């Protein structure tokens, strides 16, 4: 039975997922991540693929593990992955560089810059014109107070 990956649109046999340990583990990792991280991770791993060859599942798994081990904040890694994929896509479209990636050096620099900017911090979007309210509970107020103390 053939299935199609919703992220990278590759068609493969479902039997491959069951039989190949690396692919099964990779799919498990991707399934457990939030969408904001899993989609750019799949795109990023695809940047290591050459024009004429597919990347082995073992290498894809190793790359995914290395990326996720870069930082404990997976949302920060997701933001960095998105920025990296977009920047490399633009370079490839303009013809600057079409070679596959060989290492994570560029991503590491993006993670460091995102960390310096605090991009991984989860922020709740407020609708325009919405009144700013205090914390919903005493516990939330105490946690917010602790967060302010640790930053200051």
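Structural remarks
- Boolean, residue 92 is under 23 Å from residue 9 (Cα atoms), at pLDDT 95 or above, in a helix (DSSP H, G or I) and more than 14 Å from the chain's Cα centre (by Cα): no
- Number of residues in the range 1-37 that are in contact (Cβ under 8 Å) with a residue 40 or more places away in the chain, crowded, with 17+ Cβ neighbours inside 10 Å and assigned to a helix (DSSP H, G or I): the value is 1.
- Flag for residue 45 being farther than 18 Å from residue 29 by Cβ and either modelled with pLDDT under 95 or surrounded by 14 or more Cβ atoms within 10 Å (Cβ to Cβ) (or both): no
- Boolean, residue 52 is without any contact (Cβ under 8 Å) to a residue 24 or more places away in the chain and either surrounded by 18 or more Cβ atoms within 10 Å (Cβ to Cβ) or at negative phi (or both): yes
- Unmet requirement for residue 80, which otherwise passes all of (1) within 11 Å of the chain's Cα centre (by Cα); (2) closer than 26 Å to residue 4 by Cβ: (2)
- Qualifying residue in the range 110-119 (condition: loosely packed, with under 12 Cβ neighbours inside 10 Å, modelled with pLDDT under 95, outside any helix (DSSP H, G or I) and under 19 Å from the mean Cα position of the chain (by Cα)): yes
- Within the range 55-67, tally of residues that are part of a helix (DSSP H, G or I) and surrounded by fewer than 17 Cβ atoms within 10 Å (Cβ to Cβ): 5
- Subset tally (residues that are touching a residue at least 12 places away in the same chain (Cβ under 8 Å) and in a helix (DSSP H, G or I)) for the range 95-109: 3
The values are calculated or read from the model by the stated rules, or taken from the named source; none is laboratory data. Everything numeric here is computed off the predicted structure, so don't read it as measured data. All Cβ positions, glycine included, derive from the backbone under ideal geometry; neighbour counts span all protein chains shown.
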